[in-house]
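A.B. asks: Before I ask anything, let me first share the structure, which is written out below as structure tokens.
The values are calculated or read from the model by the stated rules, or taken from the named source; none is laboratory data. Please read these numbers as outputs of a predicted model, since none were measured by experiment. Here Cβ is always computed from backbone atoms with ideal geometry, including for glycine, and neighbour counts include all displayed protein chains.
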Amino acid sequence: MARPKQFDPETAVDQAMEVFWRQGYAATTPQDLVDALGIGKGSLYNAFGSKQELFRRALRRYRDSQTAALVEMLERPGPVKVRLREALTALAEMDLADPDRRGCMAVNTTAELAGVDGEATELVRRMLDLTEDAFRGLVEEGQRAGEIAPGRDSAALGSLLMNTVVGMRLVARVTEDAGRLDRVVDATIDSL
């Protein structure tokens, strides 16, 4: 009798994240996941319990990796506005270079599952909070360095920057015009 195929659950979560990110939760079938992960349905359910639980694990993985990548970009040395411009530009370039035009998995999940899946909604809410907090911290750093006026509300600017990113990631799904996103980046930096 052949031994069952072994697989790494962490690698499987990464592979599932790619499928869910490209197709969304509802459009992803268990067969899509089985095909992408190279395992049987029994192994899929034994390892993850359900499609929904695998999706939540994939969404957590996305949240953790994407938030860490953004924070890393924002924490590089140099002037605050330069770092912010580089981070926003990098996000735009990444989205425009993606042939599948997946956008942001968190934003996509919000559009698809907000109000339907409480746990997925909370995972996205936490990612947005982390992103907003990172931007608020950057604004406060800019205020201390004299790059941003100290009288500006850092929490409001953090919210504005987070919403700018969400909007840019949506626009990048449907535009071929990199100049459109460049203008958003320029106007965002100028508004600070």
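A.B. asks: What tally of residues in the stretch 96-113 results from selecting those that are part of a helix (DSSP H, G or I) and out of contact with any Lys or Arg (no Cβ under 6 Å at 6 or more places or on another chain)?
C.D. replies: Number of matching residues: 10.
A.B. asks: Please tell me if E119 is assigned to a helix (DSSP H, G or I) and modelled with pLDDT under 95.
C.D. replies: For E119, the condition - assigned to a helix (DSSP H, G or I) and modelled with pLDDT under 95 - is met.
A.B. asks: Ok, one more. If you check T188, T175, which single one turns out to be surrounded by 13 or more Cβ atoms within 10 Å (Cβ to Cβ), assigned to a loop (DSSP other than H, G, I, E, B) and out of contact with any Asp or Glu (no Cβ under 6 Å at 6 or more places or on another chain)?
C.D. replies: Exactly one of T188, T175 is surrounded by 13 or more Cβ atoms within 10 Å (Cβ to Cβ), assigned to a loop (DSSP other than H, G, I, E, B) and out of contact with any Asp or Glu (no Cβ under 6 Å at 6 or more places or on another chain), namely T175.
A.B. asks: It is to be established whether one or more residues within the stretch 91-111 are over 24 Å from A26 (Cβ atoms) and among the polar types (S, T, N, Q).
C.D. replies: No.
A.B. asks: Only one of these conditions is not met by T11: (1) assigned to a helix (DSSP H, G or I); (2) buried (at least 18 other Cβ atoms within 10 Å of the Cβ). Which number is it?
C.D. replies: All conditions pass for T11, except number (2).
A.B. asks: Please work out which one of (1) assigned to a helix (DSSP H, G or I); (2) under 26 Å from G24 (Cα atoms) is the condition R83 fails and give its number.
C.D. replies: (2)
A.B. asks: Looking at A120, A69, A92, which one is within 14 Å of the chain's Cα centre (by Cα), surrounded by 17 or more Cβ atoms within 10 Å (Cβ to Cβ), closer than 23 Å to T175 by Cβ and not basic (K, R)?
C.D. replies: Answer to the selection: A92.
A.B. asks: Could you figure out which of (1) of a type in the set (A, V, I, L, M, F, W, C); (2) closer than 30 Å to V185 by Cβ; (3) without any contact (Cβ under 8 Å) to a residue 24 or more places away in the chain isn't true of L84?
C.D. replies: (3)
A.B. asks: When the residues of the stretch 24-64 are narrowed to those that are part of a loop (DSSP other than H, G, I, E, B) and among the aliphatic types (A, V, I, L, M), which ends up modelled with the lowest pLDDT?
C.D. replies: Result: I39.
A.B. asks: Cβ-Cβ below 7 Å, separation at least six or inter-chain, first residue in the stretch 60-75 and more than 14 Å from A90 (Cα to Cα), second part of a helix (DSSP H, G or I) and small (G, A, S): which pairs?
C.D. replies: Listed pairs, sorted by first residue: Y62/A106; R63/A106.
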